[in-house]
Every structure is written in structure tokens, then in C-alpha cells.
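Working notes, beginning with the structure itself.
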Amino acid sequence: MSASLFNVLCSACERPQDYDVRLQGSWAFFFSGRHKDFPTEQDLAGQPVAQARFQEWMGSTPLAERPARRPFDALHKLGMLDGNGKPFGPSDGDFHISSDVMVAEARAKWDELKSAGELSDVDIRNGFVHRKYSFINRTAVREAFPDLEKWSTVWEERLGRPIAPSLFPSSGPPDKSQEGNGVSTHYRDSDWVVTNPPKH
């Protein structure tokens, strides 16, 4: 998977160090961030399938001995329903790609789409750099790097879960640990760094 990703990102590039890729989210760290609590019986009210699976899983385990955070794929495996009454799908795979080279290409595509009036109101409202999450506009990235979109689709089908690549400048996502709920994906020594495997 990582080999095919780097082939898409820089198959002929002379400076692979310009591309930093890291896994984020629960599929890298098993548990979700602290903003996603472990479900309780109350959360599953009116959902008999999820309640039965939860009971089989947790039994009489006291609240204090249960996980504090939501494990990878937990809501999907429980068969829990979202606010619209639809089952939660598998947890997605978050790839954070940091590259000034790619950001410059995405910016050129953004300017082109904006000049042609081909950006949606939502895109324009969120801006080139997303106001809340700080990733580069997904429409600009999709249009600038169609092979990355194809790569995501291929691996979504193979793994049976959404694959979500997000683009950031080479400095990586900003440190937001002192803002809001304190959830931040800025660079850490504990990050799961994706490397380009050597060619044999």
C-alpha cells in the first residue's frame, strides 16, 4: 500500500524527502481521540442489535474498567446507528501527506478553478486551507492529483473501508493542542510514519 502511494506521489521525483506521510486516527493508534468517548448502554437505547452485541462484549464490566475512548471499528462492529438511523461504516484510514511541492500544485489548481467559477460555495466558504481542520481544499487536491484519488478508490475497495488522504504543507498540521478540545494531529515522535519501501 505504501509503495503504491509513493509511486503516485513521486514516482520520478528527485527529492522523496519532500513528501512526508503519516497515519492518523484510530487505525494508527487503535483508540480514537479523546473527543470520541466509548459508548454506553444509554447511547445504544432503542438499538437492540447494538445493545446485544455490547452486552456480549462488556457484560457486567463496571464503567470505571471500560475503555475511556472508542476503539477502532467499534461502532461498526456493534452495528450502532447514527443520528439518521443508518449503521456506522468501518473506521476510515487517515493519511496525512505533508508536501510544499504538492501544496503549490494544488494552489495553482485552486486558482484555476476559482477563475473558471468551478468551485462550490462550500469550497469557497472553507477556503484553500480548511478553516477548521487546516488541510488543503479537497476539491483542489482531487483535481490536481487525480492519480491520488484513484489510489484511494483502489484501496477502499481492497480494504473495505474509506481511505482519506489529507494534504498539508511540509511543516505538517498546525499544533492545536491548546485550542478547543485539545485534539491535534501535529507532528509527534510517536507518529506512525509511512515510508517508501526499497525497490528490489
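All of the numbers you see were taken from the coordinates with simple rules; none came from a lab. Only a predicted model underlies this, so the values are computations on that prediction, with no experimental measurement involved. Cβ sites come from the backbone with ideal geometry, for glycine too, and all protein chains shown count toward neighbours.
Worth a mention:
- Principal-axis tilt of helix 100-115 within the chain, Cα atoms, nearest 10 degrees: 80 degrees
- Sparse packing (at most 13 other Cβ atoms within 10 Å of the Cβ) combined with a DSSP loop state is found for the following GluC sites (Glu not before Pro) in the stretch 32-68: GLU41.
- Whole-angstrom Cα spans of the stretch 136-200 along principal axes, big to small: 39, 33, 25
- Database remark: amide H of ARG69 closer than 5 angstrom to the amide H of PHE38 (H placed geometrically; neighbours at sequence offset of 5 or more, or on other chains; Pro and chain starts carry no H).
- Along its three principal directions, the equivalent ellipsoid of the stretch 1-104 from the Cα gyration tensor extends over semi-axes of 38, 14, 11 Å, largest first.
- Reported value for the stretch 40-155: 157 Å³ per residue, from the convex hull of its C-alpha atoms.
- With Cα atoms, 0 to 90° folded angle of helix 146-159 axis to the chain main axis: 30 degrees
- The chymotrypsin sites (Phe, Trp or Tyr not before Pro) of the stretch 109-162 that DSSP puts in a loop, and whose beta carbon has at most 15 other beta carbons within 10 Å, are TYR133.
- Across the cross-link table entries LYS36/LYS132; LYS36/LYS176; LYS77/LYS150; LYS109/LYS199; LYS109/LYS150; LYS132/LYS176, which are compared at the Cα atoms, the separations over 22 Å belong to LYS77/LYS150; LYS109/LYS199.
- Within the chain, percent of DSSP bridges classed antiparallel, to nearest 5: 65 percent
- Here the alpha carbons of the chain define both size measures, Rg and Dmax, at 19.4, 61 Å.
- Per DSSP, loop GluC sites (Glu not before Pro) in the stretch 107-200 with at most 15 further Cβ within 10 Å: GLU118, GLU179
- Arranged from fewest to most other beta-carbon atoms within 10 Å of their beta carbon, ARG188, ARG15 become ARG15, ARG188.
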